[in-house]
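Asker: To start, I am sharing the structure in question, which I have written as structure tokens.
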């Protein structure tokens with residue numbers, strides 16, 4: 001099987017799983033997103049900690065998963081909000097566990113166990129605030145729109161960057177990602193705007209006001225914001241990979257790398273998009 005066919009088939013399978021998670025029901029959403037969280041945290045910890053602190057890595061992943069599940073139950077099933085603080089129990093156990101680590105020669109890596117929770121589990125748990133109404137009803141359309149804008153931004157940046165950026169454009173951040181160009185940056189922004197306005201026209205986004213012009217301007221602004229923050233999310237993960245001399249975070253998606261590679265932009269951009277909608281009273 002050629003690499004192109006492998007990439008195509010795995011990409012289609014990934015898309016089908018994501019569509020099922022976001023469009024079918026809250027049980028599939030919870031299962032798929034919890035699995036994705038565990039995989040991303042495992043990829044990050046393997047990259048940053050290697051074979052060190054295996055028990056502590058499990059505790060870190062369990063703490064991150066606990067946070068996601070507790071917020072999921074709170075938003076989707078009416079779990080009392082005060083019970084979300086139970087997530088501190090596995091975090092506290094992780095802290096205590098650090099006292100009993102015998103090999104202190106690589107103790108600086110221990111901080112990455114907490115970074116994984118902050119960098120991956122916290123923003124991933126925020127997804128629950130966009131898929132559930134205050135009454136607990138489920139709809140993943142908004143998150144799907146966010147993902148499509150972010151991935152549209154990636155496609156636009158790649159196409160414009162390959163066609164023009166490598167020859168004519170200045171590099172965006174050469175010390176971290178040498179192939180990214182400013183032409184690719186502007187191309188990604190353009191496609192992100194197109195995708196955002198298209199989803200608004202389809203009625204998948206909430207209205208900011210009764211004015212068509214106001215709504216379009218706001219969704220253009222949101223697309224620009226998601227694009228810019230998404231680029232930073234991509235660069236943040238690229239920095240981690242460059243520091244640890246890793247090409248891909250994993251290989252769970254043949255030909256595409258790991259889940260952290262696929263969701264690096266979304267981890268930063270989607271919470272910012274949700275904040276934007278909340279601050280503008282659209283959500």
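Asker: Tell me which residues, restricted to segment 258-276, are touching a residue at least 60 places away in the same chain (Cβ under 8 Å) and over 15 Å from residue 149 (Cα atoms).
Answerer: Once the filter is applied, which keeps residues that are touching a residue at least 60 places away in the same chain (Cβ under 8 Å) and over 15 Å from residue 149 (Cα atoms), segment 258-276 yields 258, 259, 260.
Asker: Let me ask something else. Assuming residue 110 fulfils every condition listed in (1) assigned by TED's automatic domain parsing to the domain that holds residue 65; (2) touching a helix residue (DSSP H, G or I) at 6+ places or on another chain (Cβ under 7 Å); (3) modelled with pLDDT of 90 or more apart from one, which condition is it?
Answerer: Tallying (1) assigned by TED's automatic domain parsing to the domain that holds residue 65; (2) touching a helix residue (DSSP H, G or I) at 6+ places or on another chain (Cβ under 7 Å); (3) modelled with pLDDT of 90 or more, residue 110 fails exactly one: (3).
Asker: I need the full set of residues from segment 253-262 which are in a loop (DSSP other than H, G, I, E, B) and at pLDDT 85 or above, in order please.
Answerer: Hit for segment 253-262 is 258, nothing else.
Asker: Do you know which residues across segment 96-138 are assigned to a helix (DSSP H, G or I) and under 19 Å from residue 204 (Cα atoms)?
Answerer: 128, 129, 130, 131
Asker: Return yes when residue 193 is under 28 Å from residue 48 (Cα atoms), in contact (Cβ under 8 Å) with a residue 12 or more places away in the chain and surrounded by 15 or more Cβ atoms within 10 Å (Cβ to Cβ) and no when it is not.
Answerer: no
Asker: Against the condition more than 21 Å from residue 237 (Cβ to Cβ), modelled with pLDDT under 90, over 22 Å from the mean Cα position of the chain (by Cα) and in a helix (DSSP H, G or I), how does residue 167 come out, does it pass?
Answerer: So residue 167 passes the test.
Asker: I'm trying to understand the selection: among the residues of segment 233-252, which are part of a helix (DSSP H, G or I) and closer than 17 Å to residue 124 by Cβ?
Answerer: Across segment 233-252, the qualifying residues are 233, 234, 236, 237, 240.
Asker: Okay, next question. Checking the structure you have, find out if any residue of segment 214-228 is farther than 20 Å from residue 118 by Cβ and either in contact with a strand residue (DSSP E or B) (Cβ under 9 Å, 6 or more places away or on another chain) or in a loop (DSSP other than H, G, I, E, B) (or both).
Answerer: no
Asker: Right, next: Looking at segment 185-197, is at least one residue touching a strand residue (DSSP E or B) at 6+ places or on another chain (Cβ under 6 Å), on the phi < 0 side of the Ramachandran plot, in the same structural domain as residue 230 (by TED's automatic domain parsing) and at pLDDT below 85?
Answerer: No, because not a single residue in segment 185-197 is touching a strand residue (DSSP E or B) at 6+ places or on another chain (Cβ under 6 Å), on the phi < 0 side of the Ramachandran plot, in the same structural domain as residue 230 (by TED's automatic domain parsing) and at pLDDT below 85.
The values are calculated or read from the model by the stated rules, or taken from the named source; none is laboratory data. Remember, predicted model here, so these are calculated numbers, not experimental data. Please note: Cβ atoms are built from the backbone with ideal geometry, for glycine as well, and neighbour counts cover all protein chains shown.
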